[in-house]
Every structure is written in structure tokens, then in C-alpha cells.
Amino acid sequence: MSKICIIGLGYIGLPTAAVLASNGNEVIGVDINERARNNLISGNPYPEEPGLQELLEKARENGKITASESPKEADTFIICVPTPFTLDKKADLSYVEDATNNLIPVLKKGDLIILESTVPPGTTRDIVCGAVEKAGFTVGEDVLVAFCPERVMPGKIVKELVENDRVIGGMNEKASQMAKAVYGSFSKGQLYLTDATTAEFVKLIENSFRDINIAFANELAIVSRDIGIDIWEAIELANKHPRVNIHNPGPGVGGHCIAVDPYFIIEMAKGKASFLALAREKNTHMPSYIVERSEEILGGLSGKKITLLGLAYKGDIGDPRESPALDIIALLKAKGVNCSVFDPHVEEGMIPELTGLDDSVKDSDLLIITTDHSIFKELDPEHVGSLVKNKMVFDTRHFIDRRKWESAGWNVSVIGVGK
Ligand SMILES: NC(=O)c1ccc[n+]([C@@H]2O[C@H](COP(=O)([O-])OP(=O)(O)OC[C@H]3O[C@@H](n4cnc5c(N)ncnc54)[C@H](O)[C@@H]3O)[C@@H](O)[C@H]2O)c1
């Protein structure tokens, strides 16, 4: 059994704490935010994740998990704090710096520090090892340091934490082996060992791969519509090729990973990552394209009411970080549109435009499906149609049942469909 301090109890840290605690480890969950600590203590966590509540309850009943505002003495420290970008698209590593500095007072010889936050290559060495050395410890002898990125999917975090393969990058072999033992206490996946800087880069190129492929699909969607093709049919057929896997187009890319991580490479590459930069540019342009198409559909935007169905960046989760819906709302409002949003997964009050279904669609000129929440498939087009001003819907996810809506009298436009 290991005593583990998890620093940062957000989307990643809280489930990690719960999984470690329910697999025989003693866990101290640390967060500077009271609400995040209460999520752990109350056993009623937000954001919701299937299986998380049960794991937390089990860990609490067994006395294996506690919450604290600051790091406490432990054998292992796992850092899961945010790594957003600044306004000029540079990695903001201040949270990693603070989290590392805050654990130094309780650090002792023999301890292991694992950085899980997604970071630019070299961060574990420069920031974490730098602070440890500055405190008088020798990295690799007194204190072991490793980087182990997270690759879970929101909505399946608990399952994927246990089942996914992981990459572990130690500052030396001993650190890799010690980190492997920590993850081996719960992981059923393969644990691949490498050095810290390679592991940092691996995480970034995984998400950059996806960003580039989504940008490709988005470009194809725009072109397909112009030349009179249905991109969804074309992609389905192209993906019958055994070595082709084209991703889905959509209104843009959101979340704390794919929309952020490529910038960490672009920043370090100093002009040599033009391919990644172009993909980012293509994907960040998509909200403008959605607004342009909405303008075409309505023949003008000023004074219109438009309802977005979905604020979250992804289906069936409540996370609106970097969501393209936020950009679409800002662009529509700048064009004099009265915007409303319905998203039953996003916490009430997150933005002023968020309301219940009937209020949000009432007197609307156009509905835009911005998120593929399962619940939107179950919407009754007759009921919604009785509330709106115009029965017009623009599906940017190719998600609703077009025939069902058309047979209820709706005019349905779909991204990438020109026939
Ligand atoms: N969310 C994902 O799906 C996902 C997937 C893979 C990797 N990641 C990476 O994991 C890291 C964490 O992401 P997240 O989504 O869990 O972030 P989050 O914002 O949900 O949670 C981070 C938590 O850290 C806390 N925190 C900040 N500074 C702190 C400090 N000095 N001491 C203690 N607590 C502190 C915050 O209060 C917050 O509760 C990021 O680097 C992210 O890129 C996230």
C-alpha cells in the first residue's frame, strides 16, 4: 500500500484519486478550490462520471481517502493541475509551478513525484526537477520524478483509467519503475516505459494527430457542400478502405486537450510546425463558417433569434471549455442575433444564454445543433415546432434524424451536405 497525494481534483485528478483509493492505496486529495475538495468529501461529484460516485463512496467507507487544502506527507505526489494557454497561445505553466512549489515543504528522501498534467516537452525536467533540486534534493537519488500523461475520454474516465494503456516517462529507470508500480496498482492496460521528455511529446502528438484529422474532415465538409456532395456518405465510403480513417467534421474543436495541446508544439517549434498551425487555424475558423452558413440559411442575421442546442464541446458531457459553441454565440451576438442555448448537461448559470428547452426555442428563427448529446435525438420535432417562429434547423454534427424532422415540416440543413 502506498500513501499518495493527488494535487488537483478536477476532471482527471478526482477520478484518479478515487481509482487509486479503491485499489488499496491511502489517498489525500489536494485542491486549492473548496468546491473541488467538497466534490471528494460529499461523494456527489461534479462533473458526473459513470462509476465515480460509487468508487468515492467505497474509498470513503474504507477510510482510504481524505481531502486537504495543501499537500501532506506522502510517498508519491501526482500533479493533475490545469495547463491552459495564454491569450497569445503560449503554455501557462503557472499552475504546475505552484503545485510543485507547494509540495516541496513536505517532500522527503525516497519520495516519487509524477506529473500528469499535459505540458510542453522539457517541463518535468525544468519545472518539477528544477524545484526539487533547488530545495536541496538530488533528482534520481533522493527524489524520483516521472511524467505520465492521461489519455482518458470524458464520459468514460473511470473505465478508461483502468483499461487504457499508458506511457510512463521517468527521469531515470528507477523513477519509471516506481511510477509503473503506482499505476500497476489499478491499471489493466500495458504500461510502456520511456524518458520524461518523450512521454511529454507523445501526449502532444496524440492530440495533434486528432486535431489535424478533424481539420481535414472540416475542410472536406466545406468543399463537399460547394460541389454538391454529402460528405458523410463520402467519408463512410472512403473509410471502407482498410487503411483510411477520416474523422468527423463539426462546428470546431473544443475541450482542454485537442484544442490546446498542439499549441505547445507550435510554440516550441518556432515556425517549423506550420502543418499543426494550419490545422489549428482551420478548426478555429469553423465557428465563423457555421455563422456564415446560418446567415445564408436565414438570408440575414440581424434581429433574428437563434437557439443553440448544446454548449458542451462533446456529446453527453457537461464541459464547455474551449467549446466552439461559445465562439458561435459571441459571433452571432456581434451580428445582432438574440442567442439562447439549451444544454441539460452543462451546469445552470454557466452563461446567461443557457435556459430550459421551451424557453430557449420559443420564437426562434433557427436551431443549431452544436453538440451531439443523446437527448437531442429524442427531441419531439412536433413539440419544438409548435414553439419556434421558423421550423429551420442546422445540424453541425449530422446527428438528428433528418427524415423525422422533415416529416414534421422542418427545413433541415446539415454541415457538409450539398445534395
Ligand atoms: N480533462 C481531460 O479530459 C484531460 C484528458 C487528458 C489530460 N488532461 C490534462 O490533465 C490536466 C488536468 O486537467 P483537468 O481537466 O483535470 O483540469 P481541471 O481544471 O478540471 O482541474 C484542475 C484542478 O486543479 C486545481 N488546482 C489548480 N492549481 C492548484 C494547486 N496549486 N494546488 C492544488 N490544486 C490546484 C484546480 O482548483 C482544479 O480543481 C491538464 O493538464 C489537462 O490538459 C485532461
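Quick notes on this one:
- Only one of Ala279, Ala269 that is in contact with a helix residue (DSSP H, G or I) (Cβ under 8 Å, 6 or more places away or on another chain) and closer than 14 Å to Asp211 by Cα: Ala279
- Matching option when the condition is under 28 Å from the mean Cα position of the chain (by Cα) and surrounded by fewer than 15 Cβ atoms within 10 Å (Cβ to Cβ), among Lys389, Lys333, Lys419: Lys333
- So Gly254, is it outside the structural domain of Lys89 (by TED's automatic domain parsing), assigned to a loop (DSSP other than H, G, I, E, B) and either modelled with pLDDT under 95 or within 16 Å of the ligand (Cβ to nearest atom) (or both): yes
- Flag if Val81 is surrounded by 21 or more Cβ atoms within 10 Å (Cβ to Cβ) and at pLDDT 95 or above: yes
- Considered as a group, the residues in the stretch 297-319 that are of a type in the set (Ser, Thr, Tyr) and in a loop (DSSP other than H, G, I, E, B) include one that is farthest from Glu48 (Cα to Cα), and that residue is Ser302.
- Selected residue [of a type in the set (Phe, Trp, Tyr) and within 23 Å of Ile6 (Cβ to Cβ)] from Phe216, Phe209, Phe186, Phe201: Phe186
- Among the candidates Ala59, Ala67, Ala74, Ala91, the residue that is assigned by TED's automatic domain parsing to the domain that holds Gly169, in contact with a Cys (Cβ under 9 Å, 6 or more places away or on another chain) and of a type in the set (A, V, I, L, M) is uniquely Ala74.
- Identity of the residue in the stretch 226-241, in contact with a Gly (Cβ under 9 Å, 6 or more places away or on another chain) and without any contact (Cβ under 8 Å) to a residue 24 or more places away in the chain, that ends up farthest from the ligand (Cβ to nearest atom): Ala234
- Top-ranked residue of the stretch 1-47 - restricted to ones that are away from the ligand (no atom under 13 Å from the Cβ), surrounded by fewer than 16 Cβ atoms within 10 Å (Cβ to Cβ) and in a loop (DSSP other than H, G, I, E, B), ranked as nearest to the chain's Cα centre (by Cα): Asn44
- Close Cβ contacts (under 9 Å, 6 or more residues apart or on different chains) running from residues in the stretch 32-53 that are basic (Lys, Arg) to residues that are near the ligand (Cβ under 10 Å from one of its atoms) and modelled with pLDDT of 95 or more comprise Arg37/Leu9; Arg37/Gly29; Arg37/Val30; Arg37/Asp31; Arg37/Ser68; Arg37/Glu69.
- Of the residues Val244, Val223, the single one that is surrounded by fewer than 16 Cβ atoms within 10 Å (Cβ to Cβ), away from the ligand (no atom under 16 Å from the Cβ) and assigned to a loop (DSSP other than H, G, I, E, B) is Val244.
- Tallying residues that are hydroxyl-bearing (Ser, Thr, Tyr) and within 18 Å of Ser360 (Cβ to Cβ) within the stretch 292-335 yields 3.
- Considering Ile113, Ile157, the condition of being more than 23 Å from the chain's Cα centre (by Cα), surrounded by 15 or more Cβ atoms within 10 Å (Cβ to Cβ) and touching a residue at least 12 places away in the same chain (Cβ under 8 Å) is satisfied by Ile113 alone.
- Scan of the stretch 154-170 for residues that are of a type outside the set (Asp, Glu) and not in a loop (DSSP other than H, G, I, E, B), ordered by number: Ile157, Val158, Lys159, Leu161, Val162, Arg166, Val167, Ile168, Gly169, Gly170
- Going through (1) at pLDDT 95 or above; (2) outside the structural domain of Ile317 (by TED's automatic domain parsing) one by one, Glu281 falls short only on (2).
- Qualifying positions in the stretch 260-278 - part of a loop (DSSP other than H, G, I, E, B) and out of contact with any Ser or Thr (no Cβ under 8 Å at 6 or more places or on another chain): Lys270, Gly271, Lys272, Ala273
- Taken over the stretch 149-163, the residue count meeting the criterion of being touching a Phe, Trp or Tyr at 6+ places or on another chain (Cβ under 7 Å) and either away from the ligand (no atom under 11 Å from the Cβ) or closer than 16 Å to Thr76 by Cα (or both) is 1.
- Any pair with Cβ under 7 angstrom, 6 or more apart, that starts in the stretch 1-26 at a residue that is not assigned by TED's automatic domain parsing to the domain that holds Leu52 and ends at one that is of a type in the set (D, E, K, R) and part of a helix (DSSP H, G or I): none
The values are calculated or read from the model by the stated rules, or taken from the named source; none is laboratory data. Computed from a predicted structure; not experimentally measured. Every residue, glycine as well, gets a Cβ built from its backbone with ideal geometry; the counts of neighbours run over all protein chains shown.
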